[in-house]
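Encoded as structure tokens, the structure appears first; notes follow it.
The values are calculated or read from the model by the stated rules, or taken from the named source; none is laboratory data. Given the structure is predicted, the values throughout are model-derived calculations rather than measurements. Note that each Cβ is placed from the backbone with ideal geometry, even for glycine, and that neighbours are counted across all protein chains shown. Keep in mind that these areas ignore ligands, DNA and RNA; they rest on the heavy atoms of the full protein, side chains included. Shrake-Rupley method; radii C 1.70, N 1.55, O 1.52, S 1.80 Å.
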Amino acid sequence: MVERGTYIPRELAAKVRSLASTYPAISVTGPRQSGKSTMLRHEFPAYDYVNLEDPDTRAFADNDPRGFLAAHPGPAIFDEVQRVPSLFSYLQGEVDTDGTPGRFVLSGSQSFLLAERISQTLAGRVGVLNLLPLSRRELAGASMEPDVIEWIWRGGYPREYADGIDPQDFFPSYRQTYVDRDIRGEEGVAKIAEFETFLTVCASRAGELLDMTSVARAVGVSVNTIKSWISILESSFVAFRLRPHHNNFEKRLVKSPKLYFWDTGLVCDLLGIESPAELRAYRKYGNVFENAVVAEIGKRAYSVGRTPRWSFWRDSNGNEVDLLLERGIDVDVALEVKSTSTFSPDSAGGLTKFADDVARIGRKRCVLAYNGTDRVTSGGIRFSPIDDLDHAIELARAGAQGWE
């Protein structure tokens, strides 16, 4: 049994320590409850920890920022720092006067507000990182990973695993806090009932092309409102858009993207799916499985301080590849995701079409991720259990012939 409050090591920690040795300030943002405070307090135990969520502390920082910084000259962690926007200008003066690396660590849940203030006052002085919910690889590193379907159903919020909280207890509280504090409080959204409906509609369309007109019709608000709310989901690291692949970068921006969530546990909660068995029987289970794998790969990019370079491909005949990993202007690896547990060469049709006729990258650079256990190379394409994805992608990038 896991001891309550167990710290689950985060892959981003190495990058946090690296930037703290270079920049006078670093910021770590991400969705609410992704483990930012826990990670930072674990990695910097000697730092003065200051939580600006506390009303008295926030009032001190807001009313007397110079006095506040004199009381906490660093090294210090300022948590929920976006609560005191006026503090950023004074922080700029502090780091300009004393640029000791790692002097201040800033943390917050609202990436848009935090990024806006950083760009205005601390640009060039702060290293910016994003911490997402736990990846399956991080859970495996802590020997906490459940079987695949339960993992997709539970998601990756650390408190579920570290504190043994049932997802059916965690997510209703999470959603209420997110809507009340972030959406109503920080973003000023007035149509809360409609926003909650919007969340559920988006969850029902995870892994699908994003049709904002259709979503607007289902929610009962304007298309412009949906555009604004999608941006909020992205800025708060709840969801993200995956753009279609096209050699013309301008066309990528105007063609319909696909919508995914960073945590499939939240998707299941929004859809009212109460168990792994219900998830397996859900008619769009394949979409949720695909969402989990795509988000997992994105988390691994963010864990080393990189923004994913990725897209998907779909042609007019319905041929599709779920994920293209890019390097420069070229496709590095083509990845298809299938929820089946049974190996079937016929499931690689989209990859074959793309590799041979469209990109001409060769089948050796293609991976089909599925929920089976056999590592197979068929027709030149590598079939990979999802827990072997790192190895499969590494081999594909090297252009290896088959499994090694």
| query | When only residues in the stretch 1-21 that are at pLDDT 95 or above and among the hydroxyl-bearing types (Ser, Thr, Tyr) count, which is farthest from the chain's Cα centre (by Cα)? | reply | 21
| When you look at residue 181, is it more than 19 Å from residue 226 (Cα to Cα) and either of a type outside the set (S, T, N, Q) or under 18 Å from the mean Cα position of the chain (by Cα) (or both), yes or no? | yes
| remark: Filtering the stretch 190-240 down to residues that are among the small types (Gly, Ala, Ser), touching a residue at least 24 places away in the same chain (Cβ under 8 Å), over 15 Å from residue 258 (Cβ atoms) and assigned to a loop (DSSP other than H, G, I, E, B) yields 220, 236
| task | Collect the residues in the stretch 132-147 that are hydroxyl-bearing (Ser, Thr, Tyr) and either closer than 16 Å to residue 289 by Cβ or within 19 Å of the chain's Cα centre (by Cα) (or both), keeping them in residue-number order. | result | 135
| field | Residue ID - modelled with the lowest pLDDT, chosen from residues in the stretch 180-189 that are assigned to a loop (DSSP other than H, G, I, E, B) and open to solvent by 50 Å² or more (accessible area, probe 1.4 Å) | value | 187
| request: For the stretch 347-367, indicate whether the set of residues that are within 23 Å of the chain's Cα centre (by Cα) and of a type in the set (A, V, I, L, M) is non-empty. | output: yes
| request: Confirm whether residue 209 is crowded, with 20+ Cβ neighbours inside 10 Å and under 21 Å from residue 293 (Cα atoms). | output: no
| Criterion (in contact with a Pro (Cβ under 7 Å, 6 or more places away or on another chain), among the charged types (D, E, K, R) and surrounded by 16 or more Cβ atoms within 10 Å (Cβ to Cβ)) met by exactly one of 300, 314 | 314
| request: Would you please list the contacts, defined by Cβ atoms under 7 Å and residues six or more apart or on different chains, that run from a residue in the stretch 299-312 that is closer than 18 Å to residue 35 by Cβ and of a type in the set (Gly, Ala, Ser) to a residue that is open to solvent by 40 Å² or more (accessible area, probe 1.4 Å) and modelled with pLDDT under 95? | output: 301/307
| query | residue 321 versus (1) surrounded by fewer than 21 Cβ atoms within 10 Å (Cβ to Cβ); (2) touching a residue at least 24 places away in the same chain (Cβ under 8 Å): which is the lone unmet condition? | reply | (1)
| said: Just the residues that are aliphatic (A, V, I, L, M) and open to solvent by 60 Å² or more (accessible area, probe 1.4 Å), please, taken from the stretch 1-47. | reply: 1, 2, 46
| query | Identify, please: which residue in the stretch 255-287 is in contact (Cβ under 8 Å) with a residue 60 or more places away in the chain and of a type in the set (S, T, N, Q) and is, among those, surrounded by the most Cβ atoms within 10 Å (Cβ to Cβ)? | reply | 264
| remark: Conditions (1) open to solvent by 70 Å² or more (accessible area, probe 1.4 Å); (2) out of contact with any Pro (no Cβ under 8 Å at 6 or more places or on another chain); (3) assigned to a helix (DSSP H, G or I); (4) within 22 Å of residue 158 (Cβ to Cβ) -> residue 66 fails only (4)
| Which condition number does residue 50 fail, the rest of (1) open to solvent by 40 Å² or more (accessible area, probe 1.4 Å); (2) closer than 30 Å to residue 232 by Cα; (3) among the aliphatic types (A, V, I, L, M) being met? | (1)
| message | Tally up the residues in the stretch 130-149 that are touching a Lys or Arg at 6+ places or on another chain (Cβ under 6 Å) and of a type in the set (A, V, I, L, M), please. | response | 3
| task | Identify the residue in the stretch 22-56 that is assigned to a helix (DSSP H, G or I) and in contact (Cβ under 8 Å) with a residue 12 or more places away in the chain and, among all such residues, is nearest to the chain's Cα centre (by Cα). | result | 36
| query | Which pairs have Cβ atoms under 8 Å, sit 6 or more apart or on different chains, and link a residue in the stretch 120-140 that is in contact (Cβ under 8 Å) with a residue 12 or more places away in the chain and more than 10 Å from residue 27 (Cα to Cα) to one that is open to solvent by 60 Å² or more (accessible area, probe 1.4 Å) and in a helix (DSSP H, G or I)? | reply | 121/89; 125/96; 136/387; 137/390; 140/387
| Looking at the stretch 212-234, which of its residues are open to solvent by 20 Å² or more (accessible area, probe 1.4 Å) and closer than 23 Å to residue 292 by Cβ? | 234
| query | Given (1) in a loop (DSSP other than H, G, I, E, B); (2) touching a Phe, Trp or Tyr at 6+ places or on another chain (Cβ under 6 Å), where does residue 60 come up short, assuming only one miss? | reply | (1)
| note | Of the listed residues (376, 337, 331), the one being under 30 Å from residue 278 (Cα atoms) and in contact (Cβ under 8 Å) with a residue 40 or more places away in the chain is 337
